[in-house]
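*Asks:* One structure coming up, written as structure tokens, with questions to follow.
Coordinate-derived values only; no laboratory data. Please read all numbers here as calculations on a predicted model, not as lab measurements. Quick reminder, even Gly has a Cβ in these numbers, built from the backbone with ideal geometry, and neighbours come from all protein chains shown.
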Amino acid sequence: MTDYICKLTLKELCARDIIKEEDIEVYRYGLQLLVATILKGLGIAIIGILTGLLKESIVFILFFSSLRIQAGGYHAKTVINCFIGTSMLLFPSILLLKLLPIIYQPYYVLISMVFSIFFVYLYAPLESENKPLDEEEKILYRRRSLQTVIIGNIIILISMAFSDKFVYYAAIASTGFLLESLTLIHALESEK
């Protein structure tokens, strides 16, 4: 579906002389990423609305994605597999956190924070075939990954200290970081 949308859009842009035909591949890649991101976001929002977990979904995706942009991680081969994989991480995690008594959630947050920092420190960034990194970029993305997970975890801690009602959302945010950091390990294992 994304390929079809991209082909129609690029054909129209070429017909109107907005882009050059020799630049189509560059635009196709960027447009495919944009369309895939929009479709995945809409799909997750729809599931979030239908399950009554929209706020939780937004918190999870914000933290998961902010680290993913910097650290990389496992990449599915297709947009639909990516959507299914992300949904299979997101919704069961949120449902499990709903079952975890509120008294244990701060401990869970602290444990997940420690592990996410540890895994990011060990494995980030993880390049992919679509995003190979030179040595300078590896240093840059490593620093950004660590900054993202540390600053994000500080925000999580501050939100927990600010009000008890934010502990549940702090647990969801820390889960977003933890699960993204775990995709770094899975990707390393699949490369062997």
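*Asks:* With each pseudo-label sitting 7 Å past Cα toward Cβ, what's the Thr9-Phe118 distance in nm, one decimal?
*Replies:* So the label points at Thr9 and Phe118 sit 4.1 nm apart.
*Asks:* Just how large is the dipole of the chain about the Cα centre, in debye to the nearest 20, putting +1 at every Lys and Arg Cβ and -1 at every Asp and Glu Cβ?
*Replies:* The dipole magnitude comes to about 600 debye.
*Asks:* In addition: Which is farthest toward the positive dipole end of the chain among Leu100, Tyr27, Tyr74, measuring Cα position about the Cα centre, with Cβ charges +1 (Lys, Arg) and -1 (Asp, Glu)?
*Replies:* Towards the positive end, the residue furthest out is Leu100.
*Asks:* A follow-up question, please. Computed on alpha carbon atoms, what radius of gyration and Dmax characterise the stretch 17-94, expressed in Å?
*Replies:* Every Cα atom of the stretch 17-94 included, Rg and Dmax give 14.9, 47 Å.
*Asks:* Quick one: which residues, 5+ away or cross-chain, put their amide H under 5 Å from the amide H of Leu126? H built at 1.01 Å from N.
*Replies:* Gly72, Gly73
*Asks:* Further question: Could you pull out every one of the lysines with an alpha carbon less than 21 Å from that of Lys11, ignoring same-chain neighbours closer than 8 positions?
*Replies:* Answer for Lys11, where 21 Å is the Cα cut-off: Lys20, listed by chain and number.
*Asks:* How many nm is it between the label spots at Met88 and Lys55, if each spot is 7 Å from the Cα in line with the beta carbon?
*Replies:* 3.0
*Asks:* Okay, moving on. Of the lysine pairs in the stretch 53-191, how many meet both conditions: Cα atoms under 24 Å apart, and a spacing of 8 or more in sequence or different chains?
*Replies:* Close lysine pairs under the 24 Å cut-off: 5.
*Asks:* Tyr107 versus Ile155, label points 7 Å from Cα toward the beta carbon: distance in nm?
*Replies:* 2.8
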